[in-house]
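The values are calculated or read from the model by the stated rules, or taken from the named source; none is laboratory data. Everything numeric in this text was worked out from a predicted model, so none of it was measured. When we count neighbours, we look across all protein chains shown, and the Cβ atoms used for this are built from the backbone with ideal geometry, even at glycine.
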Amino acid sequence: MSHLLDFEQDGVAILPSSVSNADIETLRSEFSQLEFKAGARPFALTASVRRLIAPSGCFGQALAALGLGKHFPVRVLAFDKTPQSNWNLGWHQDRVIAVKARQDADGFSNWTVKNGRPHVEAPLETLNRLLSLRLHLDECGRSNGALRAICGSFRLGKLRDAEVRNLAATKPSVFCEAGIGEIVAMKALTVHASSPSEQPLHRRVLHVDYCDAGLPDGLEWALDP
């Protein structure tokens, strides 16, 4: 596993584990109650998740290690890849956020509803403040659908689909391989992708989006504090 990525320079980094085996097993049990289809499933703020995203939990410690202690969680998702749901995700940027209710606001566009919750593409100012932390509950190497990222791509701003494809075809990428309990940190506009797993194993990830500011014009983050 490579831990040499620099978050501020590369837009991605891999942080060492600071979570107990008991917490990993609790999360695995909670994951087993979800019905996974292609992509992510919303994950409830269970007592275990609240503990892990607290300042003393593994997510809070990861934020502190990155010098981002003022950021707060705005969305929690669960990912898994199984023989029944072994999906892939092409090269893209994370540009969509979840909000409590639809409210027209300058720069927010392409409204959709996912799992009963309004989602919208956010403007550059908001996306530049967003990052995700991805806690791995399983070994995740390149054969098990590890995240691939193009280092530094977040500096290019919001890219059109053709620009993303050209970037992926002309720039090198890195595999963000992570062990059990390790956290992959990624800036929202980092161009990334994920391939199907080559083996019938779980690839469970607890994904938490973070920001350090509220939303304008009456919009509110979907995640209740």
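Among residues of the stretch 206-221 that are of a type in the set (Phe, Trp, Tyr), those with a Cβ under 9 angstrom from a residue that is surrounded by fewer than 14 Cβ atoms within 10 Å (Cβ to Cβ) and assigned to a loop (DSSP other than H, G, I, E, B), sequence gap 6+ or separate chain, pair up as Trp221/Gly214.
All conditions but one from (1) modelled with pLDDT of 90 or more; (2) surrounded by fewer than 20 Cβ atoms within 10 Å (Cβ to Cβ); (3) closer than 23 Å to Arg129 by Cβ apply to Leu77; the one that does not is (1). Checked against (1) crowded, with 20+ Cβ neighbours inside 10 Å; (2) touching a Cys at 6+ places or on another chain (Cβ under 7 Å), Val174 passes all but a single condition, namely (1). Please go through the stretch 138-162 and give me each residue that is assigned to a loop (DSSP other than H, G, I, E, B) and touching a residue at least 24 places away in the same chain (Cβ under 8 Å), ordered by number. Residues satisfying the conditions are Asp138, Glu139, Gly141, Gly145, Ala146, Ile150, Cys151, Gly152, Gly157, Lys158, Leu159.
I'd like to check something: does the stretch 126-148 contain any residue that is at pLDDT 90 or above and touching a helix residue (DSSP H, G or I) at 6+ places or on another chain (Cβ under 6 Å)? Yes: one or more hits.
Of the set (1) within 22 Å of Arg75 (Cα to Cα); (2) in a loop (DSSP other than H, G, I, E, B), all apply to Pro172 but (1). Could you check the stretch 116-137 and list, in sequence order, the residues that are surrounded by fewer than 20 Cβ atoms within 10 Å (Cβ to Cβ) and either in a loop (DSSP other than H, G, I, E, B) or without any contact (Cβ under 8 Å) to a residue 12 or more places away in the chain (or both)? Once the filter is applied, which keeps residues that are surrounded by fewer than 20 Cβ atoms within 10 Å (Cβ to Cβ) and either in a loop (DSSP other than H, G, I, E, B) or without any contact (Cβ under 8 Å) to a residue 12 or more places away in the chain (or both), the stretch 116-137 yields Gly116, Pro123, Asn128, Arg129.
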